[in-house]
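Below is one structure, written out as structure tokens; the observations come after it.
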Amino acid sequence: MAQYDTLPIYKACYDFLLRMMHVITHFPREYKHTLGERIQNACIEMVISIYRANTVKYKSQHLKALMNQVQLLYLYLRISHDIKILPTEKYASIVETVDGIARQTQGWINSTEKLRESEQAKA
């Protein structure tokens with residue numbers, strides 16, 4: 001088992017968390033502690049899900065939780081863009097990063113499902 005902090009997906013999520021914490025500091029006061037906090041919590045939960053998935057044999061539950069947080073993050077970011085908190089250029093850049101995390105997560109899900117299927121076939 002690889003150390004969770006050396007995984008590319010962990011690095012991407014952690015860097016994204018730091019980036020979003022900086023972005024949230026520029027949110028207007030009325031959104032900083034509502035929408036901003038939800039974005040921050042979703043990012044933190046994503047990092048925690050990666051850690052948890054990497055420490056157990058059957059990762060499916062934690063990877064699905066990670067994908068759930070990614071979907072919530074898409075929603076929060078879309079709202080932030082639609083109410084003009086996030087400019088279009090910044091929104092596009094952020095969503096590209098989230099897309100990369102989602103692709104890595106889906107790849108991890110696919111590989112763990114194949115591994116589990118091969119284990120079941122051997123049994």
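The values are calculated or read from the model by the stated rules, or taken from the named source; none is laboratory data. Since the structure is predicted, the reported quantities are computational estimates derived from the model, not experimental observations. A quick note on method: Cβ atoms are made from the backbone with ideal geometry, for glycine too, and the neighbour counts reach across all protein chains shown. Side chains included, ligands, DNA and RNA excluded: accessible areas come from the protein's heavy atoms. Shrake-Rupley method; radii C 1.70, N 1.55, O 1.52, S 1.80 Å.
State all residues of the stretch 58-91 that are over 18 Å from I24 (Cα atoms), of a type in the set (K, R) and open to solvent by 60 Å² or more (accessible area, probe 1.4 Å); if no residue qualifies, say none.
Residue satisfying the conditions is K64 alone.
Residue pairs, Cβ under 6 Å, 6 or more apart or interchain, first in the stretch 91-109 and in contact (Cβ under 8 Å) with a residue 12 or more places away in the chain, second open to solvent by 20 Å² or more (accessible area, probe 1.4 Å). List them.
Y91/H81; I101/A12; T105/M67
Go through the stretch 47-65 and give me each residue that's closer than 17 Å to R103 by Cα and of a type in the set (A, V, I, L, M, F, W, C).
V47, I50, A53, L63, A65
Go through the stretch 44-57 and give me each residue that's under 18 Å from Q106 (Cβ atoms) and open to solvent by less than 60 Å² (accessible area, probe 1.4 Å).
M46, V47, S49, I50, A53, N54
Considering only residues that are more than 14 Å from K57 (Cβ to Cβ) and open to solvent by 60 Å² or more (accessible area, probe 1.4 Å), which ones fall in the stretch 99-122?
Hits for the stretch 99-122 are R103, Q104, Q106, N110, K114, E117, A121, K122.
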